[in-house]
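See structure below.
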Amino acid sequence: MTSAGSRAEQKRHTRSLIVAAGREAVAARGFAGLVVREIAREAGIVPTAFYRHFDSLDALATELAAGSAAELARLVDALVGAPAAAPAADWPPLVADAATAAPQTWTVLARGLVATAHPDHATLSDAVDTARRRVGITLGRLEALSGASGDAVDVAADLVVVDLLRLALDVASGRDARAATDESSRRLRVILAGAGAG
């Protein structure tokens, strides 16, 4: 006889397999690549079992988008949570580590940002906007940018977030993390120097 605890554990495990298969599908083919039969095959379940865990493919897509948005928020927490005297040097390694640990998260984020017609685009776009605002606040506190205008700091924050997302995608797609991190650090130094001069 199966206990209630083990049934609940099995249900959580199956759901996590479905989410992982969905993440792989979105990473490879975008949100339009979510197909119940393929996800079920990858998760090792029959297609009808999918519906015991999700009401629809849209519900799975929403969970995937929310997961990527939450991961971006955790990364930004790590970036802005520590004193950042030198974000150009300090932040890229943290981003590369996050991309190495969960590569598909960043591909899902990118695919969702590009799929502007997808219902979950707004969730991901809002997550990036929040990241930009939080990074901007942190940059505005830097001694090197103390004389910069608010507009210059806002533009720098936009560019920093775009560059860090580019780094995450480069590492997630298999690019050498050290080389990608070094390039990102160089670009960030230029961005911050430009903001400080503006």
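The values are calculated or read from the model by the stated rules, or taken from the named source; none is laboratory data. The shown structure was predicted, so the numbers you read here are calculated from the model rather than taken from an experiment. Heads up, the Cβs are rebuilt from the backbone with ideal geometry, glycines too, and the neighbour counts pull from every protein chain shown. The accessibility values were calculated without ligands, DNA or RNA, using every heavy atom of the protein model including side chains. Shrake-Rupley method; radii C 1.70, N 1.55, O 1.52, S 1.80 Å.
If you take the residues of the range 140-173 that are of a type in the set (Asp, Glu) and under 21 Å from Asp129 (Cβ atoms), which of them is nearest to the chain's Cα centre (by Cα)?
Step one: of the range 140-173, the residues of a type in the set (Asp, Glu) are 143, 151, 154, 158, 163, 170.
When the remaining residues are screened for being under 21 Å from Asp129 (Cβ atoms), the result is 151, 154, 158, 163.
Working: Asp151: 26, Asp154: 21, Asp158: 16, Asp163: 13 Å.
The qualifying residue nearest to the chain's Cα centre (by Cα) is Asp163.
Identify the residue in the range 99-116 that is more than 9 Å from the chain's Cα centre (by Cα) and closer than 23 Å to Gly136 by Cβ and, among all such residues, is least open to solvent (accessible area, probe 1.4 Å).
Among those residues, the one meeting the criterion is Gly112.
Within the range 108-154, can you find the residues that are over 13 Å from Val80 (Cα atoms) and among the hydroxyl-bearing types (Ser, Thr, Tyr)?
Filtering the range 108-154 down to residues over 13 Å from Val80 (Cα atoms) leaves 108-129, 143-154.
Thr116, Thr123, Ser125, Ser146, Ser149, listed by residue number.
Return a yes/no flag: does the range 126-137 have any residue that is under 15 Å from Ala168 (Cβ atoms), touching a Leu at 6+ places or on another chain (Cβ under 6 Å), assigned to a helix (DSSP H, G or I) and among the β-branched types (Val, Ile, Thr).
No; the residues of the range 126-137 include none that is under 15 Å from Ala168 (Cβ atoms), touching a Leu at 6+ places or on another chain (Cβ under 6 Å), assigned to a helix (DSSP H, G or I) and among the β-branched types (Val, Ile, Thr).
Out of Leu79, Leu94, Leu64, Leu60, I need the residue that is open to solvent by less than 20 Å² (accessible area, probe 1.4 Å), within 27 Å of Leu192 (Cβ to Cβ) and assigned to a helix (DSSP H, G or I). Which one?
Numbers: Leu94 fails: open to solvent by less than 20 Å² (accessible area, probe 1.4 Å); Leu64 fails: within 27 Å of Leu192 (Cβ to Cβ); Leu60 fails: within 27 Å of Leu192 (Cβ to Cβ).
The match here is Leu79.
Of all residues in the range 82-91, which are aliphatic (A, V, I, L, M) and open to solvent by less than 60 Å² (accessible area, probe 1.4 Å)?
Taking the range 82-91 first, the residues aliphatic (A, V, I, L, M) are 82, 84-86, 88-89.
Matches in the range 82-91: Ala82, Ala84, Ala86, Ala88, Ala89.
State all residues of the range 43-56 that are free of Cβ contacts under 8 Å to residues at least 40 places away in the same chain and buried (at least 17 other Cβ atoms within 10 Å of the Cβ); if no residue qualifies, say none.
Hits for the range 43-56 are Ala43, Ile45, Phe50, Phe54.
Restricting to the range 174-198, and then to whatever is part of a loop (DSSP other than H, G, I, E, B) and loosely packed, with under 14 Cβ neighbours inside 10 Å, can you tell me which residue is farthest from the chain's Cα centre (by Cα)?
Taking the range 174-198 as the starting set, the residues that turn out to be part of a loop (DSSP other than H, G, I, E, B) are 174-176, 198.
Now drop any that are not loosely packed, with under 14 Cβ neighbours inside 10 Å, which leaves 174, 176.
Details: Gly174: 16, Asp176: 19 Å.
Top of the filtered list is Asp176.
Any residue at all in the range 155-164 that's open to solvent by 30 Å² or more (accessible area, probe 1.4 Å) and over 22 Å from Ala82 (Cβ atoms)?
Quick first cut of the range 155-164, residues open to solvent by 30 Å² or more (accessible area, probe 1.4 Å) only: 155, 158-159, 162.
If we keep only those that are over 22 Å from Ala82 (Cβ atoms) as well, we get 155.
The answer is yes; a qualifying residue exists.
For the range 29-41, which residues satisfy the criterion of being open to solvent by 100 Å² or more (accessible area, probe 1.4 Å), under 19 Å from Gln104 (Cβ atoms) and at pLDDT 95 or above?
Arg41
Conditions: (1) free of Cβ contacts under 8 Å to residues at least 40 places away in the same chain; (2) of a type outside the set (Lys, Arg); (3) open to solvent by 40 Å² or more (accessible area, probe 1.4 Å); (4) under 29 Å from Glu24 (Cα atoms). Ser125 meets all but one. Number of the miss?
Of everything listed in (1) free of Cβ contacts under 8 Å to residues at least 40 places away in the same chain; (2) of a type outside the set (Lys, Arg); (3) open to solvent by 40 Å² or more (accessible area, probe 1.4 Å); (4) under 29 Å from Glu24 (Cα atoms), Ser125 misses just condition (3).
Could you tell me whether the range 6-24 includes any residue that is farther than 30 Å from Gly136 by Cα, open to solvent by less than 20 Å² (accessible area, probe 1.4 Å) and outside any helix (DSSP H, G or I)?
Checking the range 6-24: not a single residue is farther than 30 Å from Gly136 by Cα, open to solvent by less than 20 Å² (accessible area, probe 1.4 Å) and outside any helix (DSSP H, G or I).
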